[in-house]
Every structure is written in C-alpha cells, then in structure tokens.
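The structure appears below as structure tokens.
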Amino acid sequence: DRQTLVAVLQFLRRSNLRESEEILRREARLLGDDLGNVAAVATSSPGVAAVAAVPPGKGEARGHCGVCPSSRREPGEAGSACAARSLGGSSLCWETRVGAVLVEDQPDVSAVLSAYNQQGDPTLYEEYYSGLKHFIECSLDCHRAELSQLFYPLFVHMYLELVYNQHESEAKSFFERFHGDQECYYQDDLRVLSSLTKKEHMKGNETMLDFRTSKFVLRISRDSYQLLKRHLQEKQNNQIWNIVQEHLYIDIFDGMPRSKQQIDAMVGSLAGEAKREANKAKVFFGLLKEPEFDVPLDDEDEEGENEEGKPKKKKPKKDNVGSKSKKQDPNAPPQNRIPLPELKDSDKLDKVMNMKEAARRVRLGPECLPSICFYTFLNAYQGLTAVDITDDSSMIVGGFADSTVRVWSVTPKKLRSVKTAADLSLIDKESDDVLERIMDEKTASELKILYGHSGPVYGTSFSPDRNYLLSCSEDGTVRLWSLQTFTCLVGYKGHNYPVWDTQFSPYGYYFVSGGHDRVARLWATDHYQPLRIFAGHLADVTCTRFHPNSNYIATGSADRTIRLWDVLNGNCVRIFTGHKGPIHSLAFSPNGRFLATGATDGRVLLWDIGHGLMVGELKGHTDTIYALRFSRDGEILASGSMDNTVRLWDAVKAFEDLETDDFTTATGHINLPENSQDLLLGTYMTKSTPVVHLHFTRRNLLLAAGAYSSQ
C-alpha cells in the first residue's frame, strides 16, 4: 500500500530517523522525489499504527517491523522490542510485553496490523506448510528435532490468519490436514483452536489474544536457524518468514543443537520456552539468619535454624553448635531486604518448643522412611476442596465446596473461643495463667465451622503463630479468620474472579493469593489493598508458595509455566517451562536452593533456583499431583496425587552431582537421568482417596489428607 508506505517514510523523516528511512526506501524502491509528490497522509483512526510490511532483505534477519533502527539485527540476535509510532499519536509496541496490561482494543489492532501481511494466497497455505514440513523432515537428524518446534506455532498462526481473513473453508481443510502432526501435549490448545472458525469468534477469546500478543519463544542453535532462513529465502516463502519474524521469538545459542529428548523436557507451555535472559537475574536463595535469644538448651543455635523445617543439619555436636548458625549464608538476602515482623514472646516460646521437638526428630533416608498418618475426610458430601495443617500439627482445616471452612483439633486439646468482653473484664490480668483464663470452656469443641464465603473455598493457610487462618474462594475474596474468636476479621477484595490459592509467609504478616484473573497478589494482613501485583502469566494462577526466606514467591499456572517473583520489587526473576499441563503444586526445599513442581501431567519436576535450570524429572504418578512436601531436613520429597497414592522420593540423591556449569545454563542442554525409578523409595496406596495435602511434623512423621471418594 503505497500511501501507507509514504506516510511511514514521512514520519521517519520528521523524527530524524534518516538511516531507517533510507533502508525502507531502498527496500520499497521509492526515490526521494516520489516522497515530495505525496501530501502528508492523515490517518483516520488514531489508534492504528501505519506500518509497511517489508519483506526482509536477504542479507539480514530483520526485526519485527523492519522500520525502526532497533529492529535491524544480525541473524540470530533475539529481536529487541521496537515501537512503530502511529501518525495519530498513540504508539503500539510490536512486542507487547507479556504481562503488560492490554488495552481493550489493542489485540484487535495487532490483528489488523497482521492483516497487512496477508498478500498470501489462502489456497497456498497448505502448500507453504507442507513444503516447510517436508524440508524439516528431510533435514539432518541433529537439526530436525530443533526445527520441528516450528510446526506448532506456525500451524496456529497460519490457521488464525486464514480465519481472520474469512477464508473459512481453507482454514477448515488446513486444520484437518495438519492438526494430527502436532505434539500430543498441545491437544487441549488445539481443541480450543478448532472451535474458532469465524472471525467473530476471535474477539475476546483469551487463548487467541494470548497467541496474538505474546511471542512464542523457540530456542534454536545458530546452525539450525541459518538452515531454516536459507530455505525460506530460497523458496521465497514470505508468508512463513513473515510469521517467524512477527510472532516468534527465536532465542539463538551457539553450540550443538539439542536432542529431541532435551527439547521435549523443556517445551510444552502456552508461549514456548522461557527466553534465556529471563533466568539470568541473581536470586538470593539462601536462608535468613535466625534471631538469637536465650534458650534453656545446650544445642540452642543448631536447632534454632529449624523453624519451618529449614536447613539441613548434621546431628548436633555439643561443642561447636553456637558457631555454625552465626555465619551468614553467602546466598542469603540482606537481613533487612524486606521488612519482617518482630518476634513476639509467644513466637520465641514456640521456637523453643520447635527446638525441643527437632532434637527428637527422626533422620530420614532410603533406609529410614517416615511413617505416614492419613487423615481421611469421610462423608465429605460438601466436597473437600482445600486442606492445611498447622506447623505444630495441632489443627487441620478443610475448605469445602459448600463455602464453609471447617477447623478440627487433631490433639486431645479442644478448640476454645475467647470469653465475652464482660467476662474478660473480671479476670486478673497479672496472674500467671491469664492465657488459660481468657478461654471460655463452654465453647470447647473438636470442630469449628466458619461461615462467610459465598462460593467454594479453594485455598486455606494457617499463620505460623496459629492465631489466624486464611481462606480464598470462588467469590473472589480472601478472608482472614481469628482462631481466638473463630470469626472473620477481614475480607480482602482485589481479585475479580475466583481465587485458587493463598498462603501465609513463613514469617507471618504477608500472604499471597493467585486466581483466575492471571495475577498473583501480595498482601499484608493490616492493609486492605495488595502491596504487589505480579502480572505475567498467560492463564490462571493455580498455586502459590513463599520461599523459606520470604523474599520470593513462586506461582504455578494453567499456562504450564512456573514463575518466581521478587517480593521487593515485583519483578519476575525466573520462568520455568517443561510441564505439559496446568501446575497444581509447588514445594521449596528446606535449604531454599531447589523447587519441586507437580502438574496434571503426573510428573514432578525439580529446579535449581540459583542457576534457573531443570535438574530432575520424577515419573510415576498417573494423575494430577496436588501435594508436594519436603521432609524437615530435605532428605525426602513426598508427592500426593489424584491417583490415590503417596510416593516418596530420594531428594538427596536427586540433587547430588548436578551439572550446572555455565554451558548448560547458557544453552539449556540439560541431561536428565533416563530413569527416575531408582529415586522412588516407596509408593503407598489409599483405598479410594485422592491425596490433596501433605505435611511433615516437626519430628518427620508424614501426615496426608484427602476425602474418600466412593466411585
């Protein structure tokens, strides 16, 4: 479209972008005089950026728009984002940052823009695709695996392009001919895609908008990329080249191409793999130093580190214990990096109890497996949807589909509420047992039911000091309950849709929630508004977890990725891809170095947080994994699944001798052990109870929970 081209050239001249103007003019074979002949073109719609679709020259891999200087890049450089400013004044960034909040009409704008590229004959799409398919299938084995990654994103974009341009019959035949070639883990996405058969369907379809506005990331070696580029340019296959340029982000590395097995381990998420840049930031994964206080114990400091089942420790030797914990972990964040609540006297008392318990802790290992105590919820016709157990294992809470939250005492000590204000005024506040006297014996019972939510309760979490309980629900709220009065103190409103999970920080005060609106929010108990909003996932945030040092939060999502967020500044510091289904469970190792994740694909993946690498894959479950937990000293990982089993894995062996050299980190050449069966220490079946929660007591007894299902 010559008019558009001239408009862009004039804009470039006005902005003093001479070099870009020259390049564009050369490509479009327009002389300087032609430019003068055309008056300034006024664009009627201010929101649309006029951008010429320029076929890239043979010499270089062009950026997204081929207009801005920043878009020129050498073959294989990851394209930098560039904004082609519109004549009407509003600007549109071609590489819409994932996580940027999209203006309502912006995705349509990008769809309009992509329509510029449709000089292709719709009847030739099948030919283009099968030509590329033939080329890739006939290429050398070492390149074939890498280039095969192109099939899926190209298939989706070509199909959407046909539908968008209202070539419905061509789109249908294209889909039917090639959808069978796609990897099995994209079946769910293809099902959604097959329902988009008309242009009208595309408006407001989330999957479609995600695909249009976020770039699909492929990691390919330089050799494979050059091969692909040469083929497309020789064949003059502009249609496919345009899609590669505009909708894919090719992350190129120098070195050997990856094998099919290495690629399969890492791909499968909604937006391809993570860019290598995404996992470069420094992460302080070490643990904070425990505050020191006097305890009537010989081995105080040694045990002091074991709140929340923290670092690994050898059997304490009585003499050198004080020296060890005073050393600051070199990978730990500065103590005051984020403000944490002061320890109250009751917290100190609890730490002392914790230390005494820890002194009697069982050392687990392949030779010494934990006993497992299973809490089965019988006759749970209300539908059990969430479970949590206090750190000291004294209470268990269930969230139910009938919108109730039920708290049980699992010790002989019954649950009691505080007396009424009138009765409290009669108590002698100076007496030693004042904390006993304020409790009302008449209210003692094994079970308390908390009413307040107006939809199923999907997540529950006890505060570390056992004074509070969080619950989140389909009604879009997170509620904070007092375990002194068993009443609701606050309803936190911020999510507009169901909230799938919530969790207290290991230090209390802060908590995190994640929901259907695709964001996770960080809250403090005394603030109505969230302190941080973590945006970036392309689908529901299904599970959330605090790092043991409370400086980071992990979120798992239905977009099949796990992200690690920095609480201090809200940045995403890690993106992990590899699961083939929505993530439903997360667990940090007690030393803070590793993360275990479980999903609907029945696999447990293990990640090295410092290096941003997948370091293990545990196969064995046959259904969604809803529960993961490391033992208190991190020797054993327990996983619980909808397949009615609890499995125990040897975590020490899984994490030893890791290959985390710079090369592996740079290229993603991960070598996972062929067989995870030698890490499996035991499988324990329930009669017919899916496992929804796991918890190691302070002495390393494993508690599991689930609701008996009769089918």
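Being in contact with a strand residue (DSSP E or B) (Cβ under 8 Å, 6 or more places away or on another chain) and modelled with pLDDT under 85 narrows it down to one residue among Gly309, Gly322, Gly304; which is it? So that I can check it myself, show each step before the final result.
Working: Gly322 fails: in contact with a strand residue (DSSP E or B) (Cβ under 8 Å, 6 or more places away or on another chain); Gly304 fails: in contact with a strand residue (DSSP E or B) (Cβ under 8 Å, 6 or more places away or on another chain).
Gly309 is the lone residue from the list that is in contact with a strand residue (DSSP E or B) (Cβ under 8 Å, 6 or more places away or on another chain) and modelled with pLDDT under 85.
Suppose the filter is open to solvent by 30 Å² or more (accessible area, probe 1.4 Å) and of a type in the set (Asp, Glu); does Asp566 pass it? It is false that Asp566 is open to solvent by 30 Å² or more (accessible area, probe 1.4 Å) and of a type in the set (Asp, Glu). Leu288 falls short on exactly one of the conditions (1) under 28 Å from Asn331 (Cα atoms); (2) under 18 Å from the mean Cα position of the chain (by Cα), and that condition is (2).
Would you check which residues across segment 384-432 are within 19 Å of Gly455 (Cα to Cα), among the polar types (S, T, N, Q) and part of a loop (DSSP other than H, G, I, E, B) and list them? Walk me through how you get there before you give the answer.
Of segment 384-432, the ones within 19 Å of Gly455 (Cα to Cα) are 384-388, 397-407.
Then drop every residue that is not among the polar types (S, T, N, Q), which leaves 385, 403-404.
Passing the criteria: Ser403, Thr404.
Considering only residues in segment 266-277 that are in a helix (DSSP H, G or I) and at pLDDT below 85, the one that is nearest to Leu147 (Cα to Cα) turns out to be Arg276.
Of all positions in segment 229-245, at least one carries a residue that is polar (S, T, N, Q) and touching a Lys or Arg at 6+ places or on another chain (Cβ under 8 Å). With respect to being of a type outside the set (Val, Ile, Thr), in contact with a helix residue (DSSP H, G or I) (Cβ under 6 Å, 6 or more places away or on another chain), at pLDDT 85 or above and outside the structural domain of Pro582 (by the TED database), Ser224 fits the description. Listed by position, the strands (runs of 3 or more DSSP E) inside segment 567-649 whose residues that are touching a residue at least 60 places away in the same chain (Cβ under 8 Å) number at least 1 are 572-577, 594-599, 613-619, 625-630, 636-641.
Just checking, does segment 429-440 include any residue being surrounded by 12 or more Cβ atoms within 10 Å (Cβ to Cβ), touching a residue at least 24 places away in the same chain (Cβ under 8 Å) and either under 30 Å from Tyr497 (Cβ atoms) or hydrophobic (A, V, I, L, M, F, W, C) (or both)? The answer is no; no qualifying residue exists.
For segment 512-519, check the following and say yes or no: at least one residue is assigned to a loop (DSSP other than H, G, I, E, B) and polar (S, T, N, Q). No, because not a single residue in segment 512-519 is assigned to a loop (DSSP other than H, G, I, E, B) and polar (S, T, N, Q).
Just to be sure I understand, how many residues within segment 376-387 are open to solvent by 70 Å² or more (accessible area, probe 1.4 Å) and either closer than 9 Å to Gly399 by Cα or not hydrophobic (A, V, I, L, M, F, W, C) (or both)? It would help to see each step written out before you state the result.
First pass over segment 376-387, keeping only residues open to solvent by 70 Å² or more (accessible area, probe 1.4 Å): 378-379, 381.
Restricting the remaining residues to those that are either closer than 9 Å to Gly399 by Cα or not hydrophobic (A, V, I, L, M, F, W, C) (or both) gives 379, 381.
Going through segment 376-387 one residue at a time, the tally reaches 2.
Taking the residues in segment 102-149 that are assigned to a loop (DSSP other than H, G, I, E, B) and at pLDDT 85 or above as candidates, determine which candidate is surrounded by the most Cβ atoms within 10 Å (Cβ to Cβ). For segment 102-149, the residue satisfying everything is Ser139. Of the residues Asp423, Asp402, Asp432, Asp388, the single one that is closer than 30 Å to Met685 by Cβ, charged (D, E, K, R) and out of contact with any Ser or Thr (no Cβ under 9 Å at 6 or more places or on another chain) is Asp402. Residues that are assigned to a helix (DSSP H, G or I), under 30 Å from the mean Cα position of the chain (by Cα), modelled with pLDDT of 85 or more and β-branched (Val, Ile, Thr) do not occur anywhere in segment 181-202. Taking the conditions (1) closer than 29 Å to Thr525 by Cα; (2) modelled with pLDDT under 70 in turn, Asn331 satisfies each one other than (2).
Residues that are open to solvent by 30 Å² or more (accessible area, probe 1.4 Å), of a type in the set (D, E, K, R) and in contact with a helix residue (DSSP H, G or I) (Cβ under 9 Å, 6 or more places away or on another chain) do not occur anywhere in segment 478-498.
Sort out which residues of segment 673-710 are of a type in the set (D, E, K, R) and open to solvent by less than 40 Å² (accessible area, probe 1.4 Å), and write them in order of number. Break it down stepwise before answering.
Kept after step one, since they are of a type in the set (D, E, K, R), are these residues of segment 673-710: 674, 678, 687, 698-699.
Passing the criteria: only Arg698.
Among the residues of segment 499-527, those that are open to solvent by less than 20 Å² (accessible area, probe 1.4 Å) and polar (S, T, N, Q) comprise Thr502, Ser505, Ser513. Each residue in segment 646-664 was checked for being in contact with a His (Cβ under 7 Å, 6 or more places away or on another chain) and at pLDDT 85 or above, and 1 of them qualify. Taking the numbered list (1) in the same structural domain as Ala654 (by the TED database); (2) closer than 30 Å to Ser631 by Cα; (3) out of contact with any Phe, Trp or Tyr (no Cβ under 7 Å at 6 or more places or on another chain) in turn, Gly383 passes all entries but (3).
The values are calculated or read from the model by the stated rules, or taken from the named source; none is laboratory data. Please read all numbers here as calculations on a predicted model, not as lab measurements. With ideal geometry, Cβ positions are generated from the backbone for all residues, glycine too; neighbour counts draw on all protein chains shown. In case anyone asks, the SASA skips ligands and DNA or RNA and just uses the protein heavy atoms, side chains included. Shrake-Rupley method; radii C 1.70, N 1.55, O 1.52, S 1.80 Å.
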